[in-house]
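As structure tokens, the structure follows; a few thoughts come after it.
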Amino acid sequence: MTMQGDVQVFRAKRIITMNPGQPFATHVAVLGGKILAVGGLEEMQALGAYRLDERFTESVLLPGFVEGHCHLFEGGIWDDPYIGYFDRRGPDGAVSPGLKSIAAVVAHLRAAPHAADATSISAWGFDPIYLPGRRMKAADLDAVSDSLPVVITHASGHIMNVNSVALRMIGIDRDTDLDGLLRDADGEPTGELLGFELLGLVRDRVVASGLSRKLDVRGLRRFGQLALRVGVTTATDLVSDMADDTMAVYKAATAAEDFPIRIAPALAARFYGIEEGLARLGALKAEATDRLFIGTVKLHVDGSIQGFTARLRWPGYHNGAPNGLWYIAPNELGGIIEAYHRAGATLHMHTNGDEATELTVEMLARAIAAHPRPDHRHTLQHCQMPDQALYRRIAALGLCCNIFANHIYYWGEAHIAETMGLSRAQRMDACGTVLRNNIPLAIHSDAPITPLDPLFTAWCAVMRETSTGRVLGPDERISVEQALYAITTGAAYTLKLDHLVGSIEVGKFADFAVLGLDPLAMDPAGLKDVPVLGTIRGGAFFPA
């Protein structure tokens, strides 16, 4: 066979294809940004003339990793100080040290440089569940500034702490009656704000920070740099308003040949009424390209477990905290799900607590029964707490699960001590149960909630070690092969992109992760430390 055009052949030490019909190869041919052939030298010679690229003869190629739940403002959020508990590496490679007390957070913010014309002070990543003693109060942040509003977003992205100036700007006082407003023993607001309604007030009246940050091309390009360092070639933006200015940013970034990733934003239903959202989604589909995928819809049903805003079934939170928040009223959830399901959208539904998951599954069951739709691929995102019976029901409905595997490491100890207790914590983020029930599985970082790094996420699912090294729920461990599938084909499947990305097969985009070690030929404990040398997107190499 003689091919017209410039055929490029990459030779590698090993190619792990994630295609069970041809799991391994040494050569892959690329033409016009797509995979032309996979195999050995014999398969390549059958193509006729080609250019042989031997840069990766000592490297291992995998499909480019697909991050099925992240947020692209990870690139822009680093304009503000990071104040999380764990050390964190930024897009420039520099490590910001973790802060272990409220006093350390305040001191860090006081010392951080601020522009002379700044109108607010923002920071992100605050993780109070690990900090000793009392909760942060507005007075703590008043010590950072008593003239400018100070807004810090929690690691979960669902909670903020603000100072007294910010409270005044959003009109919050002891007479305010809003869900999610924490108060002290005297009934005064503490400055801790839970849930999207209160966060929306901060966004509209003070400053757009945290999950409210608007995307710009500079931030998106920084995200691309972070992605290529960890092997990601396709990434979601799983909370997007999909407004005209946001779409313009997506288009400008993805049109650049030096931008290393494809993106798949999801329309966040909370920004629209039902009919308005359906119309917007329909109009946007015409703007899709081979680097900008459109078609998913995001629903937020509850909050975060470590923030005590997730909705839990009996016996509730281990430390006796009150139950969390419904971000969509239970009597409205069914109508929203039915409308988008009937319209043909693929729903990705944030459900952290088991009560939220149970209600969502019930509403999906009703919608699917009323409007049967094969291959819907509706996906439960996070889905951290279902028991065996609920997973069986998830399987029966043909749903997918994208599990927040990183939670085991970052909050496993807190779940044992504060949120779940040891018994329930053992079954959190149950990848093993998902696979035993033949439920399509993906795993994710939810960056910037936790760092973008699919090999680390895979390590979390394989090892299930907390930050102290304790193994939490050993029977829920999965194999390295299964974990690699979950960050490639598995994630692509939940996005209805597995015909384009997620495995190294003829006809798909030539998107690869270039690794310095073979993850299938090593101790699984080392999976998180496998070096990523770069990525290949559409046949173009981007060195890390």
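The single condition among (1) surrounded by 23 or more Cβ atoms within 10 Å (Cβ to Cβ); (2) closer than 28 Å to Tyr391 by Cβ that Phe512 does not satisfy is (2). For the structure I just gave you, tell me whether Arg373 is in contact with a Ser or Thr (Cβ under 8 Å, 6 or more places away or on another chain), more than 28 Å from Gly195 (Cβ to Cβ) and either buried (at least 22 other Cβ atoms within 10 Å of the Cβ) or basic (Lys, Arg) (or both). So Arg373 does not fit the description; no.
For region 131-181, the set of residues classified as within 28 Å of the chain's Cα centre (by Cα) and of a type in the set (A, V, I, L, M, F, W, C) consists of Leu131, Met136, Val150, Val151, Ile152, Ala155, Ile159, Met160, Val162, Leu181, listed by residue number. Among the residues of region 268-284, those identified as surrounded by fewer than 20 Cβ atoms within 10 Å (Cβ to Cβ) and part of a helix (DSSP H, G or I) are Arg270, Phe271, Ile274, Glu275, Glu276, Ala279, Arg280, Gly282, Ala283, Leu284. Of everything in region 338-358 that is within 22 Å of the chain's Cα centre (by Cα) and among the small types (Gly, Ala, Ser), the residue that is surrounded by the most Cβ atoms within 10 Å (Cβ to Cβ) is Ala356.
Only one entry in Ala248, Ala264, Ala268 is out of contact with any helix residue (DSSP H, G or I) (no Cβ under 7 Å at 6 or more places or on another chain) and without any contact (Cβ under 8 Å) to a residue 24 or more places away in the chain, namely Ala248. For Thr309, the criteria (1) part of a helix (DSSP H, G or I); (2) in contact with a Leu (Cβ under 6 Å, 6 or more places away or on another chain); (3) open to solvent by less than 10 Å² (accessible area, probe 1.4 Å); (4) among the β-branched types (Val, Ile, Thr) hold in every case but one, which is (1). I'd like to know if region 381-388 contains one or more residues that are open to solvent by less than 10 Å² (accessible area, probe 1.4 Å) and free of Cβ contacts under 8 Å to residues at least 60 places away in the same chain. Looking for residues that are open to solvent by less than 10 Å² (accessible area, probe 1.4 Å) and free of Cβ contacts under 8 Å to residues at least 60 places away in the same chain, one finds at least one in region 381-388, hence yes.
Looking across region 152-174, not a single residue is open to solvent by 50 Å² or more (accessible area, probe 1.4 Å), part of a loop (DSSP other than H, G, I, E, B) and in contact with a helix residue (DSSP H, G or I) (Cβ under 6 Å, 6 or more places away or on another chain). Out of Leu41, Leu47, one residue alone is among the aliphatic types (A, V, I, L, M), open to solvent by 20 Å² or more (accessible area, probe 1.4 Å) and farther than 30 Å from Arg221 by Cβ. It is Leu41.
Ser304 - would you say it is open to solvent by less than 30 Å² (accessible area, probe 1.4 Å), touching a His at 6+ places or on another chain (Cβ under 8 Å) and under 29 Å from Asp80 (Cβ atoms)? It is true that Ser304 is open to solvent by less than 30 Å² (accessible area, probe 1.4 Å), touching a His at 6+ places or on another chain (Cβ under 8 Å) and under 29 Å from Asp80 (Cβ atoms). For the structure I just gave you, tell me whether Gly64 is open to solvent by less than 20 Å² (accessible area, probe 1.4 Å) and closer than 13 Å to Thr450 by Cα. Against the criterion (open to solvent by less than 20 Å² (accessible area, probe 1.4 Å) and closer than 13 Å to Thr450 by Cα), Gly64 does not qualify. Looking across region 360-379, the residues that are part of a loop (DSSP other than H, G, I, E, B) and basic (Lys, Arg) come down to Arg373, Arg377. Within region 68-78, being more than 16 Å from Tyr250 (Cβ to Cβ), outside any loop (DSSP other than H, G, I, E, B) and open to solvent by less than 10 Å² (accessible area, probe 1.4 Å) holds for one residue alone: Ile77.
Each residue in region 246-272 was checked for being aliphatic (A, V, I, L, M), in contact with a Leu (Cβ under 9 Å, 6 or more places away or on another chain) and within 30 Å of His341 (Cβ to Cβ), and 9 of them qualify. Is it true that Glu338 is touching a residue at least 12 places away in the same chain (Cβ under 8 Å) and charged (D, E, K, R)? Taking the combined requirement at face value, the residue satisfies it.
Restricting attention to region 359-370, the residues that are under 21 Å from His444 (Cα atoms) and either touching a Lys or Arg at 6+ places or on another chain (Cβ under 7 Å) or open to solvent by 10 Å² or more (accessible area, probe 1.4 Å) (or both) add up to 1.
What do you reckon, is Thr450 assigned to a loop (DSSP other than H, G, I, E, B), hydroxyl-bearing (Ser, Thr, Tyr) and surrounded by fewer than 24 Cβ atoms within 10 Å (Cβ to Cβ)? When the stated conditions are applied, Thr450 does not pass them. If you go through region 380-413 and keep only what is touching a Phe, Trp or Tyr at 6+ places or on another chain (Cβ under 9 Å) and either polar (S, T, N, Q) or not in a loop (DSSP other than H, G, I, E, B) (or both), you end up with Gln381, His382, Gln384, Cys400, Cys401, Asn406, Tyr409, Tyr410, Trp411, Glu413. So in region 123-151, with the set limited to residues that are out of contact with any Ser or Thr (no Cβ under 9 Å at 6 or more places or on another chain) and among the aliphatic types (A, V, I, L, M), which one is surrounded by the most Cβ atoms within 10 Å (Cβ to Cβ)? Per the criteria, the residue is Val144.
Within region 455-490, the set of residues being open to solvent by less than 10 Å² (accessible area, probe 1.4 Å), touching a Lys or Arg at 6+ places or on another chain (Cβ under 8 Å) and either of a type in the set (Lys, Arg) or assigned to a loop (DSSP other than H, G, I, E, B) (or both) comprises Arg464, Leu472, Gly473.
The values are calculated or read from the model by the stated rules, or taken from the named source; none is laboratory data. The structure displayed is predicted, hence computed values, not measured ones. As a convention, Cβ positions derive from the backbone with ideal geometry for all residues, glycine included, and neighbour counts pool all protein chains shown. When the accessible area is computed, the model is the full protein with side chains, heavy atoms only, and any ligands, DNA or RNA have been set aside. Shrake-Rupley method; radii C 1.70, N 1.55, O 1.52, S 1.80 Å.
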